[in-house]
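Following: one structure in structure tokens, then a few remarks.
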Amino acid sequence: MALKILIVNGPNLNMLGTREPEIYGTKTLADIERACAEKAESLGIGIDFRQSNCEGEIVSWIQQARSSCNAVIINPAAYSHTSVAILDALLACGLPVIEVHLSNIFRRDEFRRHSFVSQAADGIVCGLGEQGYLLALEAAASLLSKE
Ligand code: CA2
């Protein structure tokens with residue numbers, strides 16, 4: 001069966017392309033989903049691309065991924081900096097995890113420089129905009145090919 005990667009986007013990422021282009025670029029989340037689908041096809045893997053503004057829903061998706069997906073790519077958005085619940089779900093899911101941020105969180109406000117989620121991540125890509133998602137897909141495919 002083809003490998004499948006869950007790509008989760010956290011709160012407010014549905015607003016991409018509408019504000020703060022100097023930080024987050026001009027691409028919408030739909031643009032990023034399309035680019036990810038093209039990249040995944042070229043890698044011969046499937047994706048399940050989702051966005052939620054609710055922490056509990058994200059936790060449930062990660063729990064479900066345990067039985068339906070082979071890896072998780074996550075941009076937890078603001079929950080990166082607050083959510084032990086998402087960290088625990090990622091630690092429990094037993095899948096490779098790659099954390100993505102569009103912006104370079106280390107160049108921004110002090111409170112953005114710590115991510116709880118990073119403790120569960122095999123790798124982190126930040127500051128490269130949409131390209132970060134595509135690099136994360138390549139990295140996840142590479143990690144899975146070594147399993
Ligand atoms: O750089 C990233 O990808 C972030 O995860 C984005 C989050 C932020 O809280 C993290 O610190 C870093 C914010 C996403 C909200 O993006 C918007 C974009 C345009 C308009 C409104 C929100």
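Every number here is computed from the coordinates shown, using simple stated rules; none is lab data. Small disclaimer: the values here were computed from a predicted structure and weren't measured. As a convention, Cβ positions derive from the backbone with ideal geometry for all residues, glycine included, and neighbour counts pool all protein chains shown.
Numbers below:
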{"quantity": "Rounded to the nearest 20 debye, dipole of region 4-146 from Cβ charges on Lys, Arg, Asp, Glu", "calculated": "120 debye"}
{"quantity": "Modelled label reach - Arg113, point 7 Å along Cα→Cβ, region 72-89 residues with backbone N closer than 18 Å", "calculated": "80-82"}
{"quantity": "Most mobile listed residue (Ile62, Ile45, Ile73) in the chain, GNM with C-alpha springs under 10 Å", "calculated": "Ile45"}
{"quantity": "For the chain, calculated [θ]222 nm from helices alone, where every DSSP H run of n ≥ 4 adds -39500 (n - 2.57)", "calculated": "-12500 deg cm²/dmol"}
{"quantity": "Whether region 1-62 is rounded, prolate or oblate, judged on the alpha carbon gyration tensor where a/c under 1.5 counts as rounded", "calculated": "oblate"}
{"quantity": "Overall form of the chain per C-alpha gyration tensor (a/c, 1.5; a/b vs b/c)", "calculated": "oblate"}
{"quantity": "Candidates per trypsin sites (Lys or Arg not before Pro) in region 70-147, loop by DSSP, up to 15 other Cβ within 10 Å", "calculated": "Arg108, Arg113, Lys146"}
{"quantity": "Neighbourhood charge, 15 Å Cβ-Cβ cut-off, centred on Val59 and excluding it, Lys, Arg +1 and Asp, Glu -1", "calculated": "-1"}
{"quantity": "Backbone N within region 2-43 under 16 Å of label point (7 Å from Asn53 Cα along the Cβ vector)", "calculated": "9-19, 29"}
{"quantity": "Net charge of Cβ neighbours under 14 Å - reference Glu130; Lys, Arg +1; Asp, Glu -1", "calculated": "-1"}
